[in-house]
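**Student:** Can you read through this structure? Questions will come right after.
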Amino acid sequence: MADFYRGRQRGIQVFFLLAIAILLFKALEIQLIDTSYQDRARATAIDKEILYPSRGLILDRNRQLLVNNNAMYDLKCTYKQIDPEMDTTLFCELLDIDVSTFEKKLDKDWRSARYSKSVPFVFMSKISSETYARLQESLYEFPGFSIQLRNVRGYPYPHAAHVLGYLSEVNQDQIEASRGKYARGDYIGATGLEQAYEEELRGKKGVRYLMKDNLGREVGSYKKGDFDTVAVSGVDLITSLDIELQRYGERLMQNKTGSIVAIEPATGEILTMLSAPTYDPNLLTINRNRGEAFSSLLQDSLNPFLDRSVMAKYPPGSIFKTVVSLVGMQEQVVYPNTGFACQGAYFYKGQARGCHGHSYPYDVTVALQHSCNTYYFHTIRHIIDRFSFYDPHQGLDSFNHYVYQFGLGQPLGVDVPNESSGNVPTSKYYDYLYPKAKGGWKSPTVMSIGIGQGEIEMTTVQMANLAAIIANRGWYYPPHLAKQFVGGEVAIPPQYRDKKYVAVAPAYFDPIIDGMEKVVQAGTATVARVRDIAICGKTGTSQNPHGKDHSVFFAFAPRENPQIAIAVYVEHGVWGNRYAAPIASLMIERYLTGSVGEGRRYLENRMLQADLVGQP
């Protein structure tokens, strides 16, 4: 019997020894081998605070500040740390909200992976500096609530909205594609330069790890800040814009629809790029009223969000005659001294295509001066029929080969998003439009492109770039808005330093430039004359089957060592010399001299007071 009890006692001892060994091994595993428990404990004791960088500033070419950063605050909440006895009424008064809003903001789906009662969430975003100042003094009375500083954009000048762009909150697709760069609640460049140079402007986030006690109160930095990183500010961008010229252009285009683009020919830098109607970029800063402003702009029938400078495709009208002239001379189907008789119209098979009364166009220069339609119907037909009247494909394809070199029919690569390519009709397109089964097409079918009508379409930035090409006598740099990044460590994209050439002999540009100068001195745009400035320009009237024709003008000045090339497109402006030419000449005068002369103030006032939007 004694042996039985001794054996039982030994078994119990062995059991306890095994149990103790298992417990010791488990403790060893938890404390030394398996770190998941340590990580879990650390997560409840350490708070990870994201430090947001200042976004890079945007300035104009004269270092005038166009986009800055304003402080904005997010109020964060940790549900488990809220004092149930807190003064809810005072808290709501400080935030200018009611109690029902307070309760609604606390009512989260705690079963969702998005929220945890022990992890801070954004209780209220976009708090103004004024609200923050009121709240800060009393924040200690409300455990569980903390403030996080953010930066939002501010605009000292209420101009250049389309160029500068705006920010928007990242969506889930952008978060997933960013590989950790963006998280829920972050902002990203959505349009304009903000989008084009997001990588350079956004900066890099920092992080700070804070030790907290069991009540969630901060007690110091984790590991003395060894794991903390600082936020790195974005790079400041100096643009090529002249904000004073931009502001003046927006004033001239008030109550009108259309666009203006001005370029420095020697560099391709864009001096002005505006679309009308426009809006104050301050309306779309990240604030509590942004949604209402965005909705109002979106519903505006004039579509102020449409950037007409790069997105709208227009028939260029008679300014395209410069391209037809250059290609015709290069292909030697016409010469600088070639003349064509004009009897007020171009006649073909009993049909008359109208022109207007002017002197005999005995050469290219005079034909441009008086914008003779008949001359250019002849010229485009000679180009297309160069190989055979019955096979116009080769002639049109050869013509388009040159047209593409002028940057037409394709995006120029301007550093804002959504640039249109315009349209250059091809022989394949005309084969589709006029199938052989129905007679096909010949040069008379498509000769309207010779005067910039029909299927040919250009953006305003392409028109301004065309003026720069002519000013440079056959070359250009792709138009761009980035002049430099502050500090020199980041360079602007290399394509903007790649000089492009047009395969037209420089000598052929001289009669074109002569003709454009005569357009202003004694042709279709005498209204654009400015004393002591040799302006070379060309008017255009773009036919509009849905209403009044559009007013078009492009130019450069001065003739020698040109400083500015410009294109103005005024929708429903009727003729090129009615609105587009005066506006362009005022812009040129303002840019080159700094003011508008007394003798032209009447013209300035007429443009400022003109209202084409209120007309039927």
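The values are calculated or read from the model by the stated rules, or taken from the named source; none is laboratory data. As the structure is a prediction and not an experimental result, all values here were calculated from the model. Heads up, the Cβs are rebuilt from the backbone with ideal geometry, glycines too, and the neighbour counts pull from every protein chain shown.
Each row is one residue, and each column tells you yes or no for (1) aromatic (Phe, Trp, Tyr); (2) in contact (Cβ under 8 Å) with a residue 60 or more places away in the chain; (3) surrounded by 12 or more Cβ atoms within 10 Å (Cβ to Cβ); (4) in contact with a helix residue (DSSP H, G or I) (Cβ under 9 Å, 6 or more places away or on another chain).
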{"residue": "Asp98", "(1), (2), (3), (4)": "no, no, yes, yes"}
{"residue": "Lys108", "(1), (2), (3), (4)": "no, no, yes, yes"}
{"residue": "Arg111", "(1), (2), (3), (4)": "no, no, no, no"}
{"residue": "Tyr115", "(1), (2), (3), (4)": "yes, no, yes, yes"}
{"residue": "Phe121", "(1), (2), (3), (4)": "yes, no, yes, yes"}
{"residue": "Gln136", "(1), (2), (3), (4)": "no, no, yes, no"}
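**Student:** Now a separate question. Within the range 320-328, identify whether any single residue is of a type in the set (Gly, Ala, Ser), modelled with pLDDT of 90 or more and under 21 Å from Ser542 (Cα atoms), and answer yes or no.
**Tutor:** Within the range 320-328 (the criterion being of a type in the set (Gly, Ala, Ser), modelled with pLDDT of 90 or more and under 21 Å from Ser542 (Cα atoms)), the answer is yes, since at least one residue qualifies.
**Student:** Could you figure out which of (1) modelled with pLDDT of 90 or more; (2) in contact with a strand residue (DSSP E or B) (Cβ under 6 Å, 6 or more places away or on another chain); (3) aromatic (Phe, Trp, Tyr) isn't true of Tyr602?
**Tutor:** (2)
**Student:** Only one of these is of a type outside the set (Phe, Trp, Tyr), at pLDDT below 75 and outside any helix (DSSP H, G or I): Asp3, Asp83, Asp47. Name it.
**Tutor:** Asp47 is the lone residue from the list that is of a type outside the set (Phe, Trp, Tyr), at pLDDT below 75 and outside any helix (DSSP H, G or I).
**Student:** Please enumerate the residues belonging to the range 575-597 that are over 26 Å from the mean Cα position of the chain (by Cα) and more than 25 Å from Ser371 (Cβ to Cβ).
**Tutor:** The answer is Leu592, Thr593, Gly594, Ser595, Val596, Gly597.
**Student:** List the helices (runs of 4 or more DSSP H) that sit entirely inside the range 382-479 and contain at least 2 residues that are surrounded by fewer than 16 Cβ atoms within 10 Å (Cβ to Cβ).
**Tutor:** Of the helices (runs of 4 or more DSSP H) lying wholly inside the range 382-479, those with at least 2 residues that are surrounded by fewer than 16 Cβ atoms within 10 Å (Cβ to Cβ) span 392-405, 427-433.
**Student:** Then there is this: Name the helices (runs of 4 or more DSSP H) wholly inside the range 153-244 in which the number of residues that are exposed (fewer than 13 other Cβ atoms within 10 Å of the Cβ) is 2 or more.
**Tutor:** 172-177
Table: residues versus (1) surrounded by fewer than 24 Cβ atoms within 10 Å (Cβ to Cβ); (2) over 16 Å from Gly249 (Cα atoms); (3) touching a residue at least 24 places away in the same chain (Cβ under 8 Å); (4) in contact with a Pro (Cβ under 6 Å, 6 or more places away or on another chain).
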position: Lys518; (1), (2), (3), (4): yes, yes, yes, no
position: Thr541; (1), (2), (3), (4): no, yes, yes, no
position: Lys548; (1), (2), (3), (4): yes, yes, yes, no
position: Asn561; (1), (2), (3), (4): yes, yes, no, no
position: Ile566; (1), (2), (3), (4): no, no, yes, no
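**Student:** Suppose the filter is within 14 Å of Gly258 (Cα to Cα) and acidic (Asp, Glu); does Asp549 pass it?
**Tutor:** yes
**Student:** Residues Ala528, Ala565: which one is among the aliphatic types (A, V, I, L, M), within 26 Å of the chain's Cα centre (by Cα) and more than 16 Å from Ser318 (Cα to Cα)?
**Tutor:** Selected residue: Ala565, the only one of Ala528, Ala565 that is among the aliphatic types (A, V, I, L, M), within 26 Å of the chain's Cα centre (by Cα) and more than 16 Å from Ser318 (Cα to Cα).
**Student:** Given (1) under 26 Å from Asn289 (Cα atoms); (2) surrounded by 12 or more Cβ atoms within 10 Å (Cβ to Cβ); (3) basic (Lys, Arg), identify the lone condition not met by Lys104.
**Tutor:** (2)
**Student:** Say whether the condition of being closer than 30 Å to Gln484 by Cβ, of a type in the set (S, T, N, Q) and modelled with pLDDT of 85 or more is met by at least one residue in the range 155-172.
**Tutor:** yes
**Student:** Which of the residues spanning the range 253-273 are under 23 Å from Pro493 (Cβ atoms), hydrophobic (A, V, I, L, M, F, W, C) and assigned to a strand (DSSP E or B)?
**Tutor:** Result: Val261, Ala262, Ile263, Ile270, Leu271, Met273.
**Student:** For the range 572-595, give me the residue count where each residue is farther than 15 Å from Arg606 by Cα and surrounded by fewer than 24 Cβ atoms within 10 Å (Cβ to Cβ).
**Tutor:** Counting residues in the range 572-595 that are farther than 15 Å from Arg606 by Cα and surrounded by fewer than 24 Cβ atoms within 10 Å (Cβ to Cβ) gives 10.
**Student:** In the range 333-378, which residues are outside any loop (DSSP other than H, G, I, E, B) and over 25 Å from Val527 (Cα atoms)?
**Tutor:** Ala345, Tyr346, Phe347, Tyr348, Gln351, Ala352, Arg353, Phe377, His378
**Student:** In the range 101-123, which residue that is under 17 Å from Glu49 (Cα atoms) and within 35 Å of the chain's Cα centre (by Cα) is modelled with the highest pLDDT?
**Tutor:** Ranking the candidates gives Phe123 first.
**Student:** How many residues does the range 275-300 contain that are surrounded by 15 or more Cβ atoms within 10 Å (Cβ to Cβ) and either modelled with pLDDT under 85 or not in a strand (DSSP E or B) (or both)?
**Tutor:** Total meeting the criteria: 14.
**Student:** Quick one: count up the residues across the range 494-516 that are surrounded by 13 or more Cβ atoms within 10 Å (Cβ to Cβ), among the hydroxyl-bearing types (Ser, Thr, Tyr) and under 33 Å from the mean Cα position of the chain (by Cα).
**Tutor:** So the count comes out to 1.
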